[in-house]
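Before any comments, here is the structure.
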Amino acid sequence: MWRMWFAVWWLSGIAVWALEAELRLSPGPAGVDIAQVSSDLMLLPAAEKVLPGQLVYVYVALQGEAPPAGTARWEGRLQRLAADGAAAVLPAAEFRAAAGGGMLQPAPDCRSLQLLGVYTVPAGSTPGTVITLQATVREVTPEGVDEEPAEVWTSRPAALTVEALPPVSRQPEGAAAPDNRFAMSFYYLMPEPGALISLYFDFLRTFPTAGAPDDRKIVVLSWFYQAFKLNPQLWPALVDAVLEESGQTARDVTTALLLQLEAPPEILAPLGDFARFYGDRWEAGYFETAQVIAPMQLDFLWTEFTVTGRCRPIEKIAGALALMEDGMSPEAFAALEQPTPEDRRKLVRYLIASAAEWSLGRQAAQHELVRRYCGRLAADETVPEPVRKKLRRILATVETPKE
């Protein structure tokens, strides 16, 4: 348990960052109960400089009173702006809409961040190319888009500059590994995909050459799993860099990591059959968490958040709060004369829920985005009331860092 909490602490930051400038828009169309709507375009990681092939999650932030059920909804679209300001629809190869086909729903009394989809920087992009993206939001009826032109709100454009992959840099042999905790904790706000391979080798230098790594190493490795998952264009360069290394451990760990990433055979072939220990230990999908059933999975979800900034891992961590309803406190467990296996399972559920609550409070104090996500979930009536109650308590008691 303490190892898990240490890992969560390792990924916590020490500052709060502004996410994006807010764009105020006109009131909603007549007859739609929206007092004031604002629409921001948010890219996570907060990419200003990107690499060819990089994946970027595109969010739209909506704020206002939700329309009555069964009346109107909101459709979000992403477009690319040309140099003359003309907008073009993105091809399917560049943009994949989120589940729901881009349909959005303003949430009452809280800021609602909703995933519009995933944008892929074209693999053939020339370094120096500037890609300008813009989101639009319009009202649609349950039957579809109105025959009359719907009023459209447009987000502030976001400009991405394509960069070339920089060379891999390594610390001199015997040098102390740098402290990269801050950069990793806030990667979603200031991503540097071109520096990931160098950062990875800094981490590999701390990996044990014999025996199994401790849980903290596994948690940090899960961070790199998420980072390289977001940047598949780096996989060939990663393999090239590993082949230049003489250490067996670097090849073992990297092969196992690429197997987890389901890298294609042409990527894995140069490495040969190296994943002797780690490949046997980690089953497929080891770093993915569908539902929290073990303490370390909380850490895996936090690494996904710090890399991508996505709401999905926060939803799963918040979902673990419900485990306390069917759990047993350590005090109650200690009072049992002959605890049963089910009692032990209840204790584990309670401890997981307690750790989830503690980590949400800790991370909400450091990350404005966590507070926003928790606020959205606390106002969502589809979330169980015991979970919403705990989220409201967390938000009411969290202390944010002073500027």
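Sorted on the mean count of surrounding Cβ atoms within 10 Å across their residues, most packed first, peptides 347-354, 216-223 read 216-223, 347-354. The mean accessible area for residues of region 238-355, using a 1.4 Å probe and ignoring ligands and nucleic acids, is 47 Å² per residue.
Take each peptide in 298-305, 378-385, count the other Cβ atoms within 10 Å of every residue, and average; sorted highest first, the result is 298-305, 378-385.
When you count the other C-beta atoms within 10 angstrom of each residue and take the mean per peptide, 228-235, 339-346 line up highest first as 228-235, 339-346. For region 277-350, the share of accessible area belonging to carbon and sulfur comes to 53 percent (1.4 Å probe, ligands and nucleic acids excluded).
Using a Cα-Cα cut-off of under 24 Å, which lysines could be cross-linked to Lys229, ignoring same-chain neighbours fewer than 8 residues away? List returned: Lys49, Lys217, Lys316. For region 281-396, the relative contact order is 24 percent, taking Cα pairs closer than 8 Å that sit 6 or more residues apart in sequence and dividing their mean separation by the residue count. Taking a ≥ b ≥ c as the square roots of the eigenvalues of the Cα gyration tensor, an a/c ratio of 1.5 or more together with a/b no larger than b/c marks region 275-389 as oblate.
The values are calculated or read from the model by the stated rules, or taken from the named source; none is laboratory data. Given the structure is predicted, the values throughout are model-derived calculations rather than measurements. Methodologically, a virtual Cβ is constructed for each residue, glycine included, from the backbone with ideal geometry; neighbour enumeration extends over all protein chains shown. All accessible areas refer to the heavy atoms of the entire protein, side chains included, with ligands and DNA or RNA removed. Shrake-Rupley method; radii C 1.70, N 1.55, O 1.52, S 1.80 Å.
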